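Let me begin by presenting the structure, written as structure tokens, before commenting on it.
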Amino acid sequence: MDHTGIFAATLGLSQPWQIDRISFVDEIGRVDLFLTCSSGARFSCPVCGQDAQVRDIREELWHHVDFFRYAAYLHASVPLIDCPAGCGISTVSVPWSRPGSRFVLLGSKSRPSRVPGTTANDTDTTG
């Protein structure tokens, strides 16, 4: 199994999540993983469970102090979904934030939408 496969398994990634790129800096003990979802992915609304389409993308930065003896940074393009049943817009849950995970969200911000037919939200939500 290659590095990508090992990291994907450890993070609990499955379709539509994927690792686009990995960057190691051995001298300072740092690994950066760049995560995205497959184009056209759909998710269940966390409120009602209805199938929902991606409306926008939020960039999130997550940190883990000791991930295989490296300080790990996850740079994740996390989808925002719009529930067709009227529940509103929600951020999808990410597999590395499951109970017991030691990844901590450092910040997030919206970026101009890549999803056709949607509007961009440039609001910085980091605080």
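Couple of notes before you dig in:
- Against the compact-protein benchmark of 2.2 N^0.38 Å, the Cα-based radius of gyration of the chain scales to 1.10.
- Taken about its Cα centre, the stretch 3-110 carries a charge dipole of roughly 160 debye when the Cβ of each Lys and Arg holds +1 and the Cβ of each Asp and Glu holds -1.
- Counted charge near Gly88, where neighbours are those whose Cβ lies closer than 14 Å (Asp, Glu -1; Lys, Arg +1): -1
- Distance from the stretch 32-56 to the stretch 1-27 (C-alpha centre basis), Å: 19 Å
- Under 5 Å, built H, 5+ apart or other chain: amide partners of Cys87: none
- In order along the stretch 83-94, the Karplus-derived 3J(HN,Hα) couplings, from 6.51 cos²θ - 1.76 cosθ + 1.60 at θ = phi - 60°, round to 6, x, 8, x, 6, x, 9, 9, 7, 6, 6, 10 Hz, and Gly and Pro are given as x.
- For Phe67, residues with placed amide H under 5 Å, excluding near neighbours: Ala72
- Residue-averaged [θ]222 nm for the chain, counting only DSSP H segments that reach four residues, each worth -39500 (n - 2.57): -2000 deg cm²/dmol
- For the stretch 3-110, share of DSSP beta bridges that run antiparallel, in % to the nearest 5: 85 percent
- Rounded, prolate or oblate (a/c below 1.5 giving rounded, otherwise prolate when a/b exceeds b/c) for the stretch 13-60 by Cα gyration tensor: prolate
- Pairwise FRET efficiency - Ser14 versus Asp66, Cβ, R0 = 25 Å, nearest 0.05: 0.55
None of the figures in this text is laboratory data; all of them are computed from the coordinates on show. Nothing here was measured: the structure is a model prediction, and the numbers come from that model. Glycine gets a Cβ as well: all are built from the backbone with ideal geometry, and neighbour counts include every protein chain shown.
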